[in-house]
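Enquirer: Take this structure first; my questions come after.
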Amino acid sequence: MARNGLAGKGPGRYNEKTGRDYSYDKKYQKKKKLVKRRVELNKANRKSGTYGNGDGMDKSHTRSGKLVNEKQSQNRARNGANGKSTKK
């Protein structure tokens, strides 16, 4: 038996452990607008020296479009209620 319990079980879209189909998420994350946003944030993180050093900091967009340092946990937990932005 394979070590990976999900190995060889279909096309790899459906996750049995979580019960989710990630095909929509994969398609959504490929959008040009989102890719551009991630590239911009990664570039800013690298430039400021916070990328990959384990300090727990991220770059976050403010409402005015400015990039600021913020804790990863706070930045990634902010999802927005009722479709409204909760940017700083």
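The values are calculated or read from the model by the stated rules, or taken from the named source; none is laboratory data. Note that this is a predicted model, so its numbers are computed, not measured. Cβ: placed from backbone, ideal geometry, glycine included. Neighbour counts: every protein chain shown.
Enquirer: Within the bounds of the range 56-73, is there any residue that is of a type in the set (S, T, Y), surrounded by 12 or more Cβ atoms within 10 Å (Cβ to Cβ) and modelled with pLDDT of 85 or more? Even if it seems obvious, please write down each step before you answer.
Expert: Restricting attention to the range 56-73, the residues satisfying the condition of being of a type in the set (S, T, Y) are 60, 62, 64, 73.
Keeping just the survivors that are surrounded by 12 or more Cβ atoms within 10 Å (Cβ to Cβ) gives 60.
The next check asks that each one be modelled with pLDDT of 85 or more; those that pass are none.
Taking every residue of the range 56-73 in turn, none turns out to be of a type in the set (S, T, Y), surrounded by 12 or more Cβ atoms within 10 Å (Cβ to Cβ) and modelled with pLDDT of 85 or more.
Enquirer: Would you please list the contacts, defined by Cβ atoms under 6 Å and residues six or more apart or on different chains, that run from a residue in the range 47-76 that is touching a residue at least 24 places away in the same chain (Cβ under 8 Å) to a residue that is surrounded by 12 or more Cβ atoms within 10 Å (Cβ to Cβ) and acidic (D, E)?
Expert: S60/E70
Enquirer: Filter the range 16-43 down to the residues that are more than 22 Å from K59 (Cβ to Cβ) and surrounded by fewer than 10 Cβ atoms within 10 Å (Cβ to Cβ) and list them by number.
Expert: If the condition is that a residue be more than 22 Å from K59 (Cβ to Cβ) and surrounded by fewer than 10 Cβ atoms within 10 Å (Cβ to Cβ), then K17, T18, G19, K27 are the ones that fit.
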